[in-house]
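Novice: If you scroll down you'll find the structure; I have some questions about it.
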């Protein structure tokens, strides 16, 4: 029986959260949605730096890292800026990608395209 995409995505985000916590991150929010701007899968803090993390996962031969496209990155950036503005935050931050391949995790800090 095939796993439903939503369940698979939730499982991948849970795995990503566990990985980040093991790496010393404090999870602040999950699935932060900024209306009309976009969504950030995970917002976390480590070493006084705010991390806005996009989780990409997949089970096929197509590597999920290729789903991190410029349009998606723009949405994450816009939602991140909105988050910082509404929370009145003025601090170091970065946009990261966390790639889940089956049960393996690759963390890519400070992604740019």
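The values are calculated or read from the model by the stated rules, or taken from the named source; none is laboratory data. Quick caveat, the model's predicted, so the values are computed rather than measured. Here Cβ is always computed from backbone atoms with ideal geometry, including for glycine, and neighbour counts include all displayed protein chains.
Novice: Tell me which residues, restricted to the range 1-53, are surrounded by fewer than 11 Cβ atoms within 10 Å (Cβ to Cβ), in a helix (DSSP H, G or I) and at pLDDT 95 or above.
Specialist: Once the filter is applied, which keeps residues that are surrounded by fewer than 11 Cβ atoms within 10 Å (Cβ to Cβ), in a helix (DSSP H, G or I) and at pLDDT 95 or above, the range 1-53 yields only 22.
Novice: Could you count how many residues in the range 54-74 are surrounded by fewer than 18 Cβ atoms within 10 Å (Cβ to Cβ) and closer than 21 Å to residue 27 by Cα?
Specialist: So the answer is 1.
Novice: Could you check residue 96 against (1) assigned to a helix (DSSP H, G or I); (2) under 15 Å from residue 13 (Cβ atoms) and say which number it fails?
Specialist: Single failed check for residue 96: (1).
Novice: Quick check, is residue 43 closer than 21 Å to residue 14 by Cα and in contact with a strand residue (DSSP E or B) (Cβ under 7 Å, 6 or more places away or on another chain)?
Specialist: Numbers: closer than 21 Å to residue 14 by Cα: yes; in contact with a strand residue (DSSP E or B) (Cβ under 7 Å, 6 or more places away or on another chain): yes.
Spelling it out, residue 43 is indeed closer than 21 Å to residue 14 by Cα and in contact with a strand residue (DSSP E or B) (Cβ under 7 Å, 6 or more places away or on another chain).
Novice: Would you please list the contacts, defined by Cβ atoms under 6 Å and residues six or more apart or on different chains, that run from a residue in the range 60-84 that is closer than 15 Å to residue 42 by Cα to a residue that is in a loop (DSSP other than H, G, I, E, B)?
Specialist: Between residues of the range 60-84 that are closer than 15 Å to residue 42 by Cα and residues that are in a loop (DSSP other than H, G, I, E, B), the close pairs are 73/113; 78/37; 79/37; 82/37.
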